[in-house]
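A quick write-up on the structure given underneath.
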């Protein structure tokens, strides 16, 4: 175990911090609840990776681009997939039933690695129902290798797994891409939600995204909900599900069990 004086964030490169996190098993998963806007019923969780080496925290927005660049996203992504599904089964053992687990994956896990075989093996090994697994990719992932990604999506859908677009509206998504890749759902990016009550443009964008999702029969989640007013507006617009600090922050597994496994 490292002492606090052994490492300071500013003294090490991202590469060194990542190596130390791997060596000291400092990665862990947190889970942010997703609930229905109608009745606040728990729908599922989004899995979010965290790392801590004493006072040093490796931010996901720094970590993921780094491991994608180095190719280590395949190793880290495999650990994330297994840990999420192991934790899913543990939550089931504490009484949670029929909830979804949303897991972020990188296009590299699809293009340079057969993630479908890996997921299928984990499902069979752990006994997780495929329909309760959601894989989230950003819009920009769809243009990386469209044929490979489209074929992989088709195989995942055959397994019963759902595909979602994360941070919708911030990348390069279009109606043609939604049709081509046949995604199951989209998540409205929090940058549009944060000012929905005060900015007419953001209100209009959210309204348009929700209306489009309804017409295309897509599931929908708005993320980054922090105020009752935001929740009220989204509910009136017909947004089905939400996540954000108004509901709960991302929680370590033990805290999820304490607060949500009732």
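The values are calculated or read from the model by the stated rules, or taken from the named source; none is laboratory data. These numbers were taken from a predicted model, which means no experiment stands behind them. Note that we place each Cβ from the backbone using ideal geometry, even for glycine, and neighbour counts take in every protein chain shown.
Values computed for the structure shown
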{"quantity": "Long-range neighbours under 8 Å by Cβ, at least six apart or interchain, first residue free of Cβ contacts under 8 Å to residues at least 24 places away in the same chain within the range 30-51, second assigned to a strand (DSSP E or B)", "calculated": "41/35"}
{"quantity": "Condition met for residue 213 (surrounded by 19 or more Cβ atoms within 10 Å (Cβ to Cβ) and closer than 26 Å to residue 65 by Cα)", "calculated": "no"}
{"quantity": "Whichever residue in the range 46-56 is at pLDDT below 85 and buried (at least 16 other Cβ atoms within 10 Å of the Cβ) and, among such residues, is nearest to residue 224 (Cα to Cα)", "calculated": "51"}
{"quantity": "Hits in the range 68-89 (condition: more than 30 Å from residue 15 (Cβ to Cβ) and either at pLDDT below 95 or surrounded by 14 or more Cβ atoms within 10 Å (Cβ to Cβ) (or both))", "calculated": "88"}
{"quantity": "Search result, residues across the range 90-106 that are surrounded by fewer than 14 Cβ atoms within 10 Å (Cβ to Cβ) and without any contact (Cβ under 8 Å) to a residue 60 or more places away in the chain", "calculated": "93, 97, 98"}
{"quantity": "Condition broken by residue 239, with the remaining ones in (1) closer than 24 Å to residue 131 by Cα; (2) touching a strand residue (DSSP E or B) at 6+ places or on another chain (Cβ under 8 Å); (3) in a helix (DSSP H, G or I) satisfied", "calculated": "(3)"}
{"quantity": "Residue satisfying all of: in the range 20-43; at pLDDT below 90 and surrounded by 18 or more Cβ atoms within 10 Å (Cβ to Cβ); farthest from residue 59 (Cα to Cα) among these", "calculated": "20"}
{"quantity": "Residue identified as within 19 Å of residue 138 (Cα to Cα) and touching a helix residue (DSSP H, G or I) at 6+ places or on another chain (Cβ under 6 Å) among 73, 64", "calculated": "73"}
{"quantity": "Sole exception among (1) under 15 Å from residue 217 (Cα atoms); (2) in contact with a strand residue (DSSP E or B) (Cβ under 8 Å, 6 or more places away or on another chain); (3) free of Cβ contacts under 8 Å to residues at least 40 places away in the same chain for residue 187, by number", "calculated": "(3)"}
{"quantity": "Those residues of the range 238-247 which are surrounded by fewer than 19 Cβ atoms within 10 Å (Cβ to Cβ) and in contact with a helix residue (DSSP H, G or I) (Cβ under 8 Å, 6 or more places away or on another chain), in sequence order", "calculated": "238, 246"}
